[in-house]
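We did not get these values from a lab; they are worked out from the coordinates using the rules stated. Just so we're clear, the structure is a prediction, and the values are computed from it rather than from any experiment. FYI the Cβ positions are ideal-geometry reconstructions off the backbone, even for glycines, and counts take in every protein chain you see.
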Amino acid sequence: MIVSTRWLSKYIDLPETLEELVQTLTFTGIEVEAIQKISALPETVVTARILNSEKIPGTEHLQVCIIDYGK
């Protein structure tokens, strides 16, 4: 199972270091197979919610989308 520390912190108070967390999890019987640090996305990557999409007449695969990206 893959668990992020951000998700885990919503449910428990995390120790100060990752090593302490691994030690605590192992002590309670939860095996930690690997630790993987994932970098933040570059500022040029933006996520958005598609609010509406309409097919462009005369095309097979193109659509115009109305999006909300939070700004």
Excluding residues fewer than 8 places away in the same chain, name every one of the lysines whose C-alpha is closer than 25 Å to that of Lys37. Lys10
Asserting the computed 222 nm helical MRE of the chain (DSSP H runs at least 4 long, -39500 (n - 2.57) per run, divided by residue count, to nearest 500) equals -5500 deg cm²/dmol
Against the longest alpha carbon principal axis of the chain, how many degrees, from 0 to 90 and to the nearest 10, is the axis of helix 18-27 turned? 60 degrees
What lysines could a cross-link reach from Lys55, if we take a straight Cα to Cα line under 29 Å and drop same-chain neighbours fewer than 8 places away? Lys71
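Let me check against my output: what whole-number percent is the relative contact order of the chain, with C-alpha pairs under 8 Å and at least 6 apart?
Over the chain, the number comes to 18 percent.
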Against the rule of thumb 2.2 N^0.38 Å, how large the Cα Rg of the chain comes out: 1.88
What FRET efficiency comes out for Leu14 versus Tyr69 if R0 is 35 angstrom and r is the Cβ-Cβ distance? Round to the nearest 0.05. 0.70
